[in-house]
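The values are calculated or read from the model by the stated rules, or taken from the named source; none is laboratory data. Just so it is clear, the model here is predicted, and its values are computed rather than measured. With ideal geometry, Cβ positions are generated from the backbone for all residues, glycine too; neighbour counts draw on all protein chains shown. Surface accessibility is based on the protein's heavy atoms, side chains included, excluding ligands, DNA and RNA. Shrake-Rupley method; radii C 1.70, N 1.55, O 1.52, S 1.80 Å.
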Amino acid sequence: MLKRCTFMAAAAATLLFSSATFAQYKDEYTVSTVLPSAFPWGQAADKWVELVKERSEGRINMKVYSNSQLVSGDQTKEFSAMRSGLIDMAVGSTINWSPQVPELNLFSLPFLMPDNAAIDAITQGDAGEAIFAAIKKRGVTPLAWGENGFRELSNSKREIKAPADLDGLKIRVVGSPLFQDTFTALGANPTQMSWADAKPALTTGAVDGQENPLSVFDVARIDQVGQKYLTQWHYMADPLVFAISNRVWGQFSPEDQKLLKQAAVDAGKWEIEKSRSELADTLAAIKERGVKVTDLTQAQHEAFVEATQSVYGKWTPRIGEDLVKQAQDAVANRQQ
Ligand code: X2X
């Protein structure tokens with residue numbers, strides 16, 4: 001009898017201890033994205049959800065809410081909503097979170113990263129770690145990297161081969177004021193608006209052009225709204241970050257934190273490889289639909305680099321001198 005009582009007391013204590021340490025899990029965790037499942041970005045989120053469900057044997061359930069619907073279409077509010085716990089998790093773009101995390105503007109510095117190896121050298125090295133620390137400090141726990149891709153320039157008016165060709169063109173941009181500065185430096189007329197508003201604005205001709213990765217141009221059929229010219233200038237690439245609100249993160253047991261993180265790492269790797277390997281086919285499909293695709297010569301490329309130098313002067317102090325230097329060193333020393 002005594003033995004039995006002791007056992008029951010111990011069992012009760014264990015129960016009490018575990019429920020005090022880890023709050024009851026929610027039936028479902030919200031995962032915010034801008035782009036839905038037809039795009040690599042949405043597929044990255046889907047993969048994360050699937051891996052977590054499988055590996056937790058259905059204990060942890062996540063549901064993707066795309067088109068920034070949890071923030072009424074305003075993608076630049078996603079980070080704040082996650083920080084405050086209105087959104088549990090997200091697979092978000094560095095561009096959209098840069099108003100709240102100034103360090104994320106690093107990736108938007110024009111022509112910082114010439115190729116995929118340069119992106120990887122930053123995200124997988126010390127600079128990437130410093131960026132994750134900056135995100136964590138602002139209330140969100142970053143778990144892994146994904147990729148939206150190199151952003152190319154399209155417009156309805158003319159072929160763009162030199163900064164002068166951009167003169168006066170109205171270009172839709174998103175996110176941080178850095179984009180205003182880049183496009184103003186190039187002589188264009190940038191207008192900030194959400195993705196939800198972008199296609200209608202292109203359709204009515206309220207704007208002449210936009211910049212997005214080839215996969216986005218292709219899947220969203222941007223050519224159908226009069227975007228006949230596309231310049232592959234690779235001026236920047238926005239990594240995606242798999243992340244979870246600090247408030248929610250603390251409620252998971254250490255084992256489940258590990259599970260969530262590993263699933264994000266695996267989903268991110270899968271998505272990055274997939275989207276990079278699909279790029280050539282995507283480009284071919286875009287050309288086939290009659291879009292005039294322009295590649296720049298080295299000299300033409302240099303003219304764009306030159307014209308956007310002022311952005312570094314203004315934005316390096318805001319991003320952090322050390323971080324910019326760390327990233328530039330990583331790019332210079334990258335493995336090809
Ligand atoms: O709005 C965009 O251009 C998009 C979909 O690429 C981002 O969310 C950064």
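Details
- Residue among 182, 203 that alone is over 20 Å from the mean Cα position of the chain (by Cα) and either under 15 Å from residue 35 (Cβ atoms) or β-branched (Val, Ile, Thr) (or both): 203
- Scanning region 153-182 for residues that are open to solvent by 40 Å² or more (accessible area, probe 1.4 Å) and under 17 Å from residue 194 (Cβ atoms) gives 170, 177, 180.
- Among the candidates 280, 330, 307, 285, residue that is surrounded by 19 or more Cβ atoms within 10 Å (Cβ to Cβ) and among the small types (Gly, Ala, Ser): 330
- Assessment of region 102-113 against the conditions (surrounded by fewer than 17 Cβ atoms within 10 Å (Cβ to Cβ) and either within 20 Å of residue 268 (Cα to Cα) or in contact with a Ser or Thr (Cβ under 6 Å, 6 or more places away or on another chain) (or both)) yields no matching residue.
- Residue within region 323-333 that is among the polar types (S, T, N, Q), more than 20 Å from residue 126 (Cβ to Cβ) and touching a residue at least 12 places away in the same chain (Cβ under 8 Å) present: no
- Selection status of residue 187, more than 16 Å from the ligand (Cβ to nearest atom) and touching a Leu at 6+ places or on another chain (Cβ under 9 Å): yes
- Every pair of residues 6+ apart whose Cβ atoms lie under 7 Å, when the first sits in region 55-79 and is hydroxyl-bearing (Ser, Thr, Tyr) while the second is surrounded by fewer than 19 Cβ atoms within 10 Å (Cβ to Cβ) and part of a loop (DSSP other than H, G, I, E, B): 66/36; 68/74; 76/99
- Residues (more than 15 Å from residue 334 (Cβ to Cβ) and β-branched (Val, Ile, Thr)) located in region 111-136: 131, 135
- Of the residues making up region 56-67, not a single one is in a helix (DSSP H, G or I), more than 13 Å from residue 243 (Cα to Cα) and either within 11 Å of the ligand (Cβ to nearest atom) or modelled with pLDDT of 95 or more (or both).
- Check on residue 230, touching a residue at least 60 places away in the same chain (Cβ under 8 Å), in contact with a Gly (Cβ under 8 Å, 6 or more places away or on another chain) and within 16 Å of the ligand (Cβ to nearest atom): no
- If you filter region 195-214 down to residues that are of a type in the set (S, T, N, Q) and open to solvent by less than 20 Å² (accessible area, probe 1.4 Å), you find that the one that is nearest to the ligand (Cβ to nearest atom) is 212.
- Qualifying residue in region 68-76 (condition: among the hydrophobic types (A, V, I, L, M, F, W, C) and open to solvent by less than 10 Å² (accessible area, probe 1.4 Å)): no
- Of all residues in region 221-243, those satisfying the criterion of being buried (at least 19 other Cβ atoms within 10 Å of the Cβ) and hydrophobic (A, V, I, L, M, F, W, C) are 222, 230, 233, 236, 237, 240, 241, 242, 243.
- Region 24-35 residues that are without any contact (Cβ under 8 Å) to a residue 60 or more places away in the chain, paired with ones that are of a type in the set (Ser, Thr, Tyr) (beta carbon under 8 Å, 6 or more apart): 30/65; 33/65; 33/66; 33/68
- Condition met for residue 298 (open to solvent by 50 Å² or more (accessible area, probe 1.4 Å), more than 28 Å from residue 226 (Cβ to Cβ) and within 24 Å of the chain's Cα centre (by Cα)): no
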